[in-house]
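The block underneath contains the structure these notes are about, expressed in C-alpha cells.
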C-alpha cells in the first residue's frame, strides 16, 4: 500500500521542468491523482473491509459466509417494479420486492470492477501525456542551459544565451512537428475525456450521463424516499438468489437480502467524478478553442508570451513573434515557463537584435 501512495505522490510533486500547460496538467496530474485515490479507497473497502453482507430469508438456514461469497461473485439484483413502491409498507427497500419469473431485474455486477475501472481510467488519462513526453524528448530541459538560475555567472550566462540564439537561428521553422505533437496530445485529451464519460455510462448500465444532474435535483435525502438516484445506481440493499439441492434431490431456490456497504463509497465517488468530468470537458474544449486562435492569429501568440513575462520589451517581443513560426513560438513559450525572468527578457532582446541584423544584411 505504501508503494501505491508513493506512486500517487510522484504525480503531485512539482516537476523541475515544465513541458506543457495547466490544461494538460489537469488531465495527467489532477485527474490521474483523483482516480488513483478513488481506486485505493474502493480497494481498501472492497478487499480489506467487508463489502457485502447477506442473510437468508428462506426456511432453510445457509451459512452467511457462503451467501456473502456467492452473491459477491455472482452479482445481486433489484426488481424494477419495486422502485415505485412505498418503503416500509409495500417494500422493505427501494428495488427489493418479490420476484417471479419473467419480471424485469436489474443486475448489479459492476461493484466488483469499480477499483479496476478507476485504475484503467487513470491510465487512460496519462496516455496523451506519455505520447507528448516521448515526442518532446527532453528538448526544453536540454535547451535551458542553466538559465533557470538567476545567479548564473555573467560569462556563462552570456555564453548560454548566445547558444540559444544560435539554436533558434539555425533551427528556425524546424519545430512544426514538435508543436503539432503537442496539439495532437491536447486533442487526445479531449477525445479521452469524452470516451471515458460514455465508457462510465456503459459501465453503470446507462445511468452515468444523467447521474449528477439527478443528484442535484434530488432534494429529499430521507433514507425512506421512494426515489433516490444514488440508491438506484448504487443500491445499498439488493436481492440474491441461491440454489441448493433439497433432501429429495430437487433444486431449491433461496432468496437472500444483501447489504452493500461499499456502495456508500461508490455513490459519492461517481457523484464527484460526474462533476469533475463535466468541468474537465469544458476546460479542455476551451483550451482547444484557445489553441485554434493561437494558431491562426499572431496577436494571440504575442499576448501569450507577454502574459508570461510582462517586463519584456513589447516591440522586441512583437518582432520575435513576427519572425518566428508557430513551432518556434511554442518552444519559446515553454522556455519562458522555465528560465529566469531576467534571462528570458534578455533572450528576447538578443533574438530581436539578431533578426534586425539579418534584415539589415538583406537590405545591403
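Every number in this text was worked out from the coordinates using simple rules, so none of it is lab data. Owing to the predicted nature of the structure, the values given are computational and were not obtained by experimental measurement. Here the Cβ is made from the backbone with ideal geometry for all residues, glycine too, and neighbour counts use every protein chain on show.
For the stretch 126-222, what value does the Rg/Rh ratio take when both radii are computed over Cα atoms and Rh is the Kirkwood radius, given to two decimals? The Rg/Rh ratio comes out at 1.31.
Using the Cβ-Cβ distance between residue 149 and residue 75 with R0 set to 56 Å, the FRET efficiency from 1/(1 + (r/R0)^6) comes to roughly 0.40. Can you tell me the FRET efficiency between residue 85 and residue 282 if r is taken as the Cβ-Cβ distance and R0 is 30 Å, rounded to the nearest 0.05? Once rounded, the FRET efficiency stands at 0.15. Relative to the current alpha-carbon distance between residue 158 and residue 18, full extension at 0.36 nm per residue lengthens the span by 48.1 nm.
Let's test the formula: R0 of 51 Å, r as the Cβ-Cβ distance of residue 120 and residue 333. What FRET efficiency results, to the nearest 0.05? Display every interim value, and only then the final one.
Values: r = 33 Å, r/R0 = 0.65.
With R0 = 51 Å, the Cβ-Cβ based efficiency is 0.95.
Ranked by how many other Cβ atoms sit within 10 Å of their own Cβ, fewest first, the residues 64, 76 fall in the order 64, 76. Taken along the Cα-to-beta-carbon direction at a fixed 7 Å, the label points for residue 167 and residue 198 span 4.1 nm. Label zone (residue 25, point 7 Å along Cα-to-C-beta; backbone nitrogen cut-off 15 Å) within the stretch 331-351: 334-339.
In plain terms, the residue of 321, 33 with the fewest other Cβ atoms within 10 Å comes first and the most crowded comes last, giving 33, 321. For the chain, with a Gaussian network of springs between Cα atoms less than 10 Å apart, report the residue from 236, 316, 253 with the top mean-square fluctuation. Highest fluctuation among the options: 253.
Quick check: residue separation of residue 66 and residue 37 times 0.36 nm, minus the Cα distance between them. What number comes out in nm?
Gain in length upon complete extension: 7.3 nm.
Computed from the alpha carbon atoms alone, the convex hull of the chain holds 178 Å³ per residue.
Report D for the stretch 141-298 in µm² per second (integer): Stokes-Einstein, Kirkwood Rh on Cα pairs, 25 °C, 0.890 mPa s.
112
Rounded to the nearest 500, what is the 222 nm mean residue ellipticity of the chain from helices alone, with -39500 (n - 2.57) per DSSP H run of 4+ residues and division by all residues?
Result for the chain: -19500 deg cm²/dmol, rounded to the nearest 500.
Among 291, 301, the order by Cβ neighbours within 10 angstrom, fewest to most, reads 291, 301.
Computed packing ranks the peptides 144-153, 113-122 as 113-122, 144-153, most packed first, by mean other Cβ atoms within 10 Å.
Gain in length, residue 109 to residue 184, computed as 0.36 nm per residue apart minus the alpha-carbon separation, to one decimal in nm?
23.4 nm
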